[in-house]
Amino acid sequence: MKQEYTISLFTEDHIGILGQITIILTRRQINIESFTASESAVKGVYLLTIVVTTSSELVEKVAKQMEKLVDVLKVFVHTFDQIIYQEIALYKLPTKAMMSGNIIDQIVRSSYARILEVSPEFIVIEKTGSKEEILKLLDRLEPYGVLQFAKSGRVAITKQVKELHSYLKEMDEANLNNNKPAEIPV
Amino acid sequence: MKSENETEQITAQANGQELMTGADALLRCLIQEGVDTVFGYPGGAIMPVYDKLLDYEDQISHYLTRHEQGAAHAAQAYSMVTGKVGVAFATSGPGATNLVTGIANAFLDSVPTVFITAQVVSTLIGTDAFQETDIIGISMPVTKWNCQVKKAEDIPEVIAKAFYIAKTGRKGPVLVDITKDAQQQMIDFKYQKCTYIRSYNPYRPLNIKSIESAAIMINHAERPLILAGHGVLLSGAEKELKAFAEKTGIPVALTLLGLSAFPTDHRLYAGMLGMHGNYGANVLTNQADVIIAVGMRFDDRVTGNLKKYAKNATIIHIEIDEAEFNKNVPVDVAIHNDAKEALNYLTAHVKDNSFEKWIREFRICDKTEYDKVVKPETKPAEGQIRMGEVVRLVSELTKGEAVIVSDVGQNQMVAARYYKFTKPNTWVSSGGMGTMGFGLPAGIGATLGCPDKPVITFLGDGGFQMTMQELGTMMQYNIPLKVVILNNSYLGMVRQWQDMFFDKRYASTALPNPDFVAIAKAYKIEARKIELREDLKDALQKMIETKGPYLLEITVENEANVFPMIEPGSAVSEIRLTY
């Protein structure tokens with residue numbers, strides 16, 4: 001059964017890593033629904049957050065293929081209940097929409113959005129929330145003439161307790177033991 | 001008067017530095033990594049490297065192939081017979097793209113190789129400059145890792161990383177693309193081998209828990225079967241495999257690329273797996289109750305219909321690449337370790353055992369296969385020469401101790417089926433990719449890797465013509481490769497499928513062929529053509545005894561089909577012995 005998965009990848013800063021990751025998804029005909037990249041809490045380590053809709057079997061397979069990449073440190077696959085996530089959206093409307101009473105102001109307040117900028121020609125509204133909330137606000141603003149709408153990819157924080165640096169420490173330790181031959185009990 | 005460069009070098013030497021160009025540094029890196037043989041083809045962007053090669057002639061032998069694809073295949077074959085990292089050079093643009101088939105081939109067969117391509121001057125990258133191509137982008141899906149170097153100072157570190165990645169973990173090809181200006185800049189050379197990459201840890205602590213539970217399953221098995229693949233050879237675990245099989249008494253079946261990992265004359269040898277493998281190995285896979293898969297990846301050519309594959313068996317999978325577990329076949333016990341270490345530990349934990357009744361079933365299958373397939377193929381009383389009898393004769397004349405190379409198709413399946421391998425790493429073939437044209441350049445690479453053994457490559461008339469320009473390489477370096485062309489005037493395997501599944505409609509598979517002997521002779525290579533059975537043994541004997549390069553063309557039965565065969569969509573147990 002298909003469902004939405006959030007894949008979090010921690011990677012080194014190697015040119016081409018994005019290409020390698022998208023190739024893995026493309027080969028399996030998995031569409032990237034949203035994508036964000038930024039530096040993580042660990043300096044020099046990048047966090048890529050990819051949202052896909054696929055089967056649990058396939059997402060596990062592609063995650064393993066991704067983790068196999070030389071420059072990928074760790075890959076986590078999450079269902080929506082395992083993460084706290086947000087997206088951000090900007091809406092541009094003509095300033096004259098504000099002229100029709102304080103309706104826009106009401107919509108903005110009740111949606112927990114805010115007005116970012118007001119100029120003689122246009123206003124920009126910002127909203128942080130789930131995809132559903134963001135699209136709902138878009139619906140509500142639509143009658144007042146939305147000139148532009150832009151939405152970010154997902155950013156996510158995991159609920160799990162074990163953090164990246166403890167994985168990195170484990171990997172380092174394993175790496176340091178690397179050349180030791182396995183002990184063979186007689 | 002001394003040139004500016006020389007003056008600079010002398011001053012640097014006085015300061016304890018070793019100044020040299022990037023091209024020079026590259027070759028010094030290769031020497032540090034133990035490289036003494038390189039295959040390649042020069043061109044504009046890589047000229048600084050080729051120029052420097054002349055200064056290292058005593059340490060690095062460069063073999064000029066006649067096409068970059070040939071260099072890539074030769075490097076792969078060299079690696080497969082020596083266990084060393086194979087290295088090939090190519091220039092930018094078409095030089096680099098010509099390597100791609102060979103790189104993909106090495107990728108699918110996990111062969112440790114390092115490909116060095118040159119790139120246009122860094123300031124021209126992205127401008128569609130002459131002979132500029134994005135080889136990093138192109139090679140991304142077919143390399144284990146790739147990297148572009150734009151500064152000479154980065155060359156030593158990247159090359160060290162390339163070798164470390166190529167030869168550790170699940171081995172594979174790495175490509176390093178070096179701009180022409182990086183080859184020409186001066187650097188202070190220092191080299192340190194790579195032993196650590198934070199994001200890449202190829203060494204796995206022994207998975208003791210899994211191995212011990214595997215041992216319990218093996219100790220309670222009634223019809224266990226070992227499926228061993230190329231990973232056994234890549235890990236150097238042939239002895240461990242033999243010790244494990246002998247202690248437990250479990251029969252060993254090999255994949256196509258696993259051939260030579262276990263001696264074919266061993267009483268526990270169960271045969272080759274897969275589409276044209278042995279009858280017993282395939283049929284009895286579906287009767288086994290425990291399968292121990294070692295260094296193999298359950299390729300579709302091995303499993304046939306997955307829905308009907310090994311349904312009676314508990315599957316233990318020993319594999320270095322975690323992504324292979326459950327990829328095709330659900331695994332009961334995954335042992336994510338190097339084959340050698342895992343087998344060693346496992347052998348210590350299993351009990352001495354024997355499965356005489358179970359092994360007898362393999363021998364019964366062997367008898368059936370011998371009567372219906374092997375005998376008519378290797379000892380035909382009449383008709384034209386059969387491929388199988390050629391290979392079996394070569395096997396007898398070389399006592400199973402030659403290095404055998406094949407192209408792809410019927411010649412490959414017949415070589416795999418009828419040569420009786422006795423020593424590890426004596427089989428070189430294109431497995432995953434099935435690259436026609438592999439056989440001749442791979443034969444060249446294998447011969448250079450094994451100067452003390454006879455090397456024989458079996459080609460079809462189709463595959464030979466895909467890379468036959470490499471006869472020029474054989475001629476130039478007097479490479480004593482023995483080339484056997486099994487000429488049926490068809491693209492035999494495709495014709496076989498047309499025969500079986502396309503109502504005998506032979507679309508574009510018949511080949512009107514040139515005079516191969518005349519072509520060989522034009523390259524000053526001794527050659528002969530035979531058509532009659534009575535000439536076969538003498539001709540093969542003469543070929544094997546010849547010191548230098550030799551080409552023997554043998555006219556074989558035109559429309560012979562390779563059997564047994566698991567038809568596409570069929571289960572391994574539904575393997576057909578005859579048409």
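Of the residues B:350, B:374, which is within 30 Å of residue B:543 (Cβ to Cβ) and at pLDDT 95 or above? Can you show your working first?
Working: B:350 fails: within 30 Å of residue B:543 (Cβ to Cβ).
The conditions single out B:374.
Filter the stretch B:340-370 down to residues that are polar (S, T, N, Q) and either without any contact (Cβ under 8 Å) to a residue 60 or more places away in the chain or crowded, with 17+ Cβ neighbours inside 10 Å (or both) and give me whichever is farthest from residue B:200 (Cα to Cα).
Per the criteria, the residue is B:347.
For the stretch A:1-60, give me each residue that is within 12 Å of another protein chain (Cβ to nearest Cβ) and among the charged types (D, E, K, R).
Passing the criteria: A:12, A:13, A:27, A:28, A:57, A:60.
Would you call residue B:477 of a type in the set (Phe, Trp, Tyr), within 22 Å of residue B:369 (Cβ to Cβ) and surrounded by fewer than 24 Cβ atoms within 10 Å (Cβ to Cβ)?
Here the answer is no, as residue B:477 does not meet what is asked.
Of all residues in the stretch B:140-156, which are of a type in the set (S, T, N, Q) and farther than 16 Å from residue B:46 by Cβ?
B:143, B:146
Hey, could you check the stretch B:308-323 for residues that are assigned to a helix (DSSP H, G or I) and without any contact (Cβ under 8 Å) to a residue 60 or more places away in the chain and say which is surrounded by the most Cβ atoms within 10 Å (Cβ to Cβ)?
Looking only at the stretch B:308-323, we keep the residues that are assigned to a helix (DSSP H, G or I), and these are B:308, B:322-323.
Keeping just the survivors that are without any contact (Cβ under 8 Å) to a residue 60 or more places away in the chain gives B:322-323.
Values: B:322: 17, B:323: 19.
So the residue we want is B:323.
Residue B:565 versus (1) of a type outside the set (Phe, Trp, Tyr); (2) touching a Pro at 6+ places or on another chain (Cβ under 7 Å); (3) surrounded by 17 or more Cβ atoms within 10 Å (Cβ to Cβ): which is the lone unmet condition?
Checking residue B:565 against (1) of a type outside the set (Phe, Trp, Tyr); (2) touching a Pro at 6+ places or on another chain (Cβ under 7 Å); (3) surrounded by 17 or more Cβ atoms within 10 Å (Cβ to Cβ), the one that fails is (2).
Look at the stretch B:538-549 and say how many of its residues are touching a Leu at 6+ places or on another chain (Cβ under 8 Å) and surrounded by 14 or more Cβ atoms within 10 Å (Cβ to Cβ).
Qualifying residue count, the stretch B:538-549: 5.
How many residues does the stretch B:500-520 contain that are acidic (Asp, Glu) and under 29 Å from the mean Cα position of the chain (by Cα)?
So the count comes out to 0.
So, in the stretch B:194-249, how many residues would count as being more than 14 Å from every other protein chain (Cβ to nearest Cβ), surrounded by 23 or more Cβ atoms within 10 Å (Cβ to Cβ) and polar (S, T, N, Q)?
1
Residue A:117 is checked against (1) charged (D, E, K, R); (2) surrounded by fewer than 18 Cβ atoms within 10 Å (Cβ to Cβ); (3) not in a strand (DSSP E or B) and fails just one. What number does that condition carry?
Unmet for residue A:117, out of (1) charged (D, E, K, R); (2) surrounded by fewer than 18 Cβ atoms within 10 Å (Cβ to Cβ); (3) not in a strand (DSSP E or B): (3).
Have a look at A:144, A:85 and point out the one that is surrounded by 14 or more Cβ atoms within 10 Å (Cβ to Cβ), under 28 Å from residue A:20 (Cβ atoms) and not β-branched (Val, Ile, Thr). Before the answer, list the steps.
Working: A:144 fails: under 28 Å from residue A:20 (Cβ atoms).
After ruling out the rest, the residue left standing is A:85.
Report the residue count in the stretch B:326-339 for those that are at the interface with chain A (Cβ under 9 Å from one of its Cβ atoms) and crowded, with 21+ Cβ neighbours inside 10 Å.
2
So in the stretch A:61-70, with the set limited to residues that are surrounded by 20 or more Cβ atoms within 10 Å (Cβ to Cβ) and facing chain B (nearest Cβ under 7 Å), which one is nearest to residue A:25 (Cα to Cα)?
Among those that are surrounded by 20 or more Cβ atoms within 10 Å (Cβ to Cβ) and facing chain B (nearest Cβ under 7 Å), it is A:65.
Hey, can you tell me all the residues within the stretch A:1-22 that are among the β-branched types (Val, Ile, Thr), over 15 Å from residue A:153 (Cα atoms) and either in contact (Cβ under 8 Å) with a residue 60 or more places away in the chain or surrounded by 14 or more Cβ atoms within 10 Å (Cβ to Cβ) (or both)?
Correct list: A:11, A:17, A:21, A:22.
Within the stretch B:157-166, can you find the residues that are within 13 Å of chain A (Cβ to nearest Cβ) and either of a type in the set (Val, Ile, Thr) or part of a loop (DSSP other than H, G, I, E, B) (or both)?
Scanning the stretch B:157-166 gives B:158, B:165.
For the stretch A:1-43, which positions are at positive phi and among the small types (Gly, Ala, Ser)?
Within the stretch A:1-43, A:16 is the sole residue that qualifies.
Within the stretch B:167-180, can you find the residues that are closer than 20 Å to residue B:95 by Cβ and within 12 Å of chain A (Cβ to nearest Cβ)?
Answer for the stretch B:167-180, where residues must be closer than 20 Å to residue B:95 by Cβ and within 12 Å of chain A (Cβ to nearest Cβ): B:174, B:175, B:177.
The values are calculated or read from the model by the stated rules, or taken from the named source; none is laboratory data. Treat the numbers as computed from the prediction; the structure is a model and nothing was measured. Note: ideal-geometry Cβ built from the backbone for every residue, glycine included; neighbour counts use all protein chains shown.
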